[in-house]
Amino acid sequence: MKYLIIVLLFSIAASSCQYFETEKVSSEKIYKEEIEAIDWKEVDRYPSFIHCDSIAEKPEQKQCFINTINSRLYQSISDKNIIAVHEVYDTVLVDFAVSNKGNLSILQIEMDSVLKKDFPNLEDLLLKTIDSLQPIAPAYKRGIPVKTQFTLPVIIQTN
């Protein structure tokens, strides 16, 4: 009986080792899974100006960043007292990028040919205004500064 108990315990101990084995996962597999899990179109933190830097929530960060650029563009346009011959209501699309160093640069300005003809200095004014703005921090993805691109619609309307 004593031998039977010893044999039984030995067989249970020998067969239960398979339950303690761990599956080996390669670092490549972990890396691939992590890369696939990252949303490359979203950032963890948007670029920020000094007054936007203390905002913690992502939607508010983005809104503060865009509103700052928008208000500066509208202020520059209104300060120039541009006079139109006829009523104008048009949208200018400003494509710009913020580098991983925090520098703003215009990639493209799309405006109607009639608007270009009516306001030949408008594009230069937009370029100068964007060049005068510099965020204090670039966008961040997983703690790493990254380049981001935005398209900002600017509505040109006469009073």
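The values are calculated or read from the model by the stated rules, or taken from the named source; none is laboratory data. Bear in mind that the values here come from a model prediction, so they are computed numbers and not experimental data. Note: ideal-geometry Cβ built from the backbone for every residue, glycine included; neighbour counts use all protein chains shown.
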* Asked: If a residue has to be within 30 Å of VAL43 (Cβ to Cβ), surrounded by 13 or more Cβ atoms within 10 Å (Cβ to Cβ) and either aliphatic (A, V, I, L, M) or within 18 Å of the chain's Cα centre (by Cα) (or both) to count, how many in region 84-99 make the cut?
  -> 7
* Asked: Of these, SER54, SER76, which one is out of contact with any Gly (no Cβ under 8 Å at 6 or more places or on another chain) and not in a helix (DSSP H, G or I)?
  -> SER54
* Answer yes if at least one residue in region 141-150 is over 15 Å from the mean Cα position of the chain (by Cα) and among the β-branched types (Val, Ile, Thr), and no otherwise. => no
* **For ILE55: the one exception among (1) at pLDDT below 90; (2) out of contact with any helix residue (DSSP H, G or I) (no Cβ under 6 Å at 6 or more places or on another chain)** => (2)
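Condition (residue is part of a helix (DSSP H, G or I) and loosely packed, with under 14 Cβ neighbours inside 10 Å) applied to region 100-107: is it met by at least one residue?
Within region 100-107, not a single residue is part of a helix (DSSP H, G or I) and loosely packed, with under 14 Cβ neighbours inside 10 Å.
For SER113, state whether it is without any contact (Cβ under 8 Å) to a residue 60 or more places away in the chain and under 27 Å from HIS51 (Cα atoms).
no
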* Could you check, for region 135-155, whether at least one of its residues is assigned to a loop (DSSP other than H, G, I, E, B), surrounded by 12 or more Cβ atoms within 10 Å (Cβ to Cβ), touching a Leu at 6+ places or on another chain (Cβ under 9 Å) and hydrophobic (A, V, I, L, M, F, W, C)? => no
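When you check GLU60 against the structure, is it modelled with pLDDT under 90, in a helix (DSSP H, G or I), charged (D, E, K, R) and at negative phi, yes or no?
Criteria not met by GLU60.
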* Structure fact -> When every residue in region 89-110 that is in contact with a helix residue (DSSP H, G or I) (Cβ under 7 Å, 6 or more places away or on another chain) and without any contact (Cβ under 8 Å) to a residue 60 or more places away in the chain is compared, the one farthest from LYS141 (Cα to Cα) is ILE109
* To do: Check whether at least one residue in region 68-77 is more than 18 Å from GLN149 (Cβ to Cβ), of a type in the set (A, V, I, L, M) and surrounded by fewer than 11 Cβ atoms within 10 Å (Cβ to Cβ), and report yes or no.
  => no
* If you go through region 113-133 one residue at a time, do you hit one that is surrounded by 18 or more Cβ atoms within 10 Å (Cβ to Cβ), among the β-branched types (Val, Ile, Thr) and closer than 30 Å to ILE38 by Cα? -> no
